[in-house]
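The values are calculated or read from the model by the stated rules, or taken from the named source; none is laboratory data. Because the structure is predicted, anything quoted here is derived from the model rather than measured. No Cβ is skipped: glycine too gets one built from the backbone with ideal geometry, and neighbour counts run over all protein chains shown. Side chains included, ligands, DNA and RNA excluded: accessible areas come from the protein's heavy atoms. Shrake-Rupley method; radii C 1.70, N 1.55, O 1.52, S 1.80 Å.
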Amino acid sequence: MISTTTNSLATSKELAAALRWGLSDAAWARLEQRVGPLRAAVRPARGHKARPTADDGPGLSSAQHWIDNPGRPLTCRDAAAELLAWTTLATATDDAARSAAGTATSSVADSSLHASTRVALLERLAGWLAERQGDSPADSAAPAVSGAAAHDEPLASADLLTLDPVAEFWWTVELPLVQCLLERAVKEQAVREQAAEQPTIDEPRARGHLGIDGGKRAARPDKVARAERAARAELADRSAAAALERSWPSWMDAEGVPHASILSDIWLLLASWTRCLSHRERLALGPWSDNLTEQYDRFMQQLCRLARTDGTALFPERAASQPSRELLAAALAWVPHEETRATARFAGLISGSSPARAVADGRGQEAVELPGVPLLPCYAEGTGLAVMRSDWTTSALQVATAFDGDRSYCSISAGRHAWISGEWQARLAINGRPLAVTAPWREILWFSDDEVDYWEWELYLEDDWRLQRQVLLYRNAKWCLLADAVLGEESASIDYQGAWRLAANAAFQPAADSHEGRLEASQPRAVVLPLALPEWRAEASPGTLAATDGQLELRLRRQGQALFAPLFVLADRQLTRQPFTWRRLTVAESLQIVSLDMAAGYRVQFGRKHWTFYRALGAEANRTLLGQNVSSNFLACEFQPDGLARPLVRIEASNGGRIGPDAAPRADHR
């Protein structure tokens, strides 16, 4: 658990320790490898007192060579990350602060460095920053090009032509503020050297590197210089704020929901934004606009809904960073609304959580009500991301799905244990020939109420084939339905293979005599039912469900123009101990049984709980299922103790809407 008592990062020790925020161990190791040789090169020889220059030996000449000629192509992200690390550490003036960040990237703040060496290296860094960003922070704005490819674009010139959201944030928002801190560090170091009668700093050259007008420093009052530095800090702050106002709509919604394309970088963005708030406090700058303050709060609140209960990131195999306890605590210290801090507590991310209060919802189910914190999914239209959860308890079922381009992702976890995490693949072959994708995933519809969350999206393939994907979460019983519908125009041999990546330390245990299995991650278990397969292995089956190469794979084959592949996952501990069964239901139209090209229906039973699912695959028509008239594109119902089937969600293909929870005719659910 994370303590909420951490205040804003007002001390240099806390600021130096925060450098690792958002950086994965691999990224930190890469920084250490690159800075390590420089750190050794700039360490002066014992007894060396003279001010070093580029010609005074290997120290600064090696440093300058490393800056100008890195060992591998320098990317925008590399350059920004390393410069941020160096300059932020450089502004930490006490030894305890410099040691707090460890040995990596600490060359400019190494207490063993001679003071003049440290100042000279600071000047080099300041000059490099000025060269990369221009003489004014306002010149650093550059167009952003999103996408993973931008991470590997070399930084070939001062023009930042290809920036992913993280690199753009670092270069255009945080670095102007860090440059002001660096300028102040150079000045403070010069004052200390003068007090120690070590006039080793070349003031005109340092001022030139920092883009300051010429003139003799000695002839100007110190308070005038401080006023000028304050004015430059305000200018840099306005530039940073303007850059942030321009950039955030490209990677998150107005409600703070991040786009699926930047899921791997959301914690890096939060870390940089939080550091900026600390930088501004150290520079004694006033608050940013109300719009930016509110957007930061919304972003933080959505990230609380995105993180797992154990505080780890969704899809950790894709993440460039992980949320740390220190980052979450420090970020929450800057949010203006108590609701956001309460969301973090109830999500289990920080300490101080009060036990969730279970109340009856009127139907004999257990719901969770937390005053002031609505149980809202993390979703916004157009972001390609939806994170659903059953309740605010620490054992809540959390289902996250996302799509970006032609790739789709899924995560299923309960409490601190994840079962599914990674890419959700669908391999489709028609008459033995794999189909290529012709258009990226696109959203069809979203629906959410007090009981369910439902999301549907589709992918276009060759030869007029489509793949429609749907996810349904039912909170009261902690189950979800994951399904693919393959739709074509002509009959063909359809080979479908759906694959979900198993999370680390998770395993699938198939049953011996039947087609179901259990997902296991330590003690918690979930029951998985492949509804398109018969219950018993002794029956003829159109496919299999098995774990292969770290993936849960559902294989189906049939001749026709459509195929429906639903997977039912139940995580409620009490229900998983009950006897259960499932079966495919007969769907009729005009007293005639319809084929699986037209529609499919299924029934699932756990103990006394019954649910039915219907999916139209052909033209809409009035059909019957278990004695019910059905004209919907999709219908999910729960049978009540009196035998009435109560719709949970009903989707009409004509308008994508939902018909309210009106009672259905009595049905025989034996």
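If you filter region 580-655 for trypsin sites (Lys or Arg not before Pro), then keep DSSP loop positions with at most 13 other Cβ within 10 Å, what is left?
In loop regions of region 580-655 (DSSP not H, G, I, E or B), the sparsely surrounded trypsin sites (Lys or Arg not before Pro) are Arg608.
Taking amide H atoms as placed 1.01 Å from N in the peptide plane, list the residues 5 or more away in sequence, or in a different chain, whose amide H sits under 5 Å from that of Ser514.
Here the answer is Arg537, since their amide H atoms fall under 5 Å of that of Ser514.
Could you give the size of the charge dipole of region 397-544 about its Cα centre, using +1 on the Cβ of each K and R and -1 on the Cβ of each D and E, expressed in debye and rounded to the nearest 20?
Magnitude of the dipole: close to 700 debye.
Work out how much length Asp549 to Asp449 would gain on full extension: take 0.36 nm times their residue separation and subtract the Cα-Cα distance, in nm to one decimal.
Using 0.36 nm per residue and subtracting the Cα-Cα distance, I get 32.3 nm.
Report the FRET efficiency, 1/(1 + (r/R0)^6), for Arg407 and Asp642, where r is their Cβ-Cβ distance and R0 is 35 Å, rounded to 0.05.
On the way: r = 45 Å, r/R0 = 1.29.
With R0 = 35 Å, the Cβ-Cβ based efficiency is 0.20.
Under a plain spin-label model, where a point goes 7 Å from the Cα along Cα-to-Cβ, how far apart in nm are Glu490 and Glu339?
In this crude label model, Glu490 to Glu339 measures out at 5.5 nm.
With every protein chain in place, what's the accessible area of Val437 (1.4 Å probe, Å², nearest 10)?
60 Å²
When the accessible area of region 374-429 is computed with all protein chains present and a 1.4 Å probe, what percentage of it is carbon and sulfur?
Numbers: 750 of 1630 Å².
Exposed carbon and sulfur together represent 46 percent of the surface.
Tell me, in nm to one decimal, what length is gained between Glu520 and Arg442 on full extension, where the rule is 0.36 nm per residue of separation less the Cα-Cα distance?
Result for the pair: 24.8 nm of gain on full extension.
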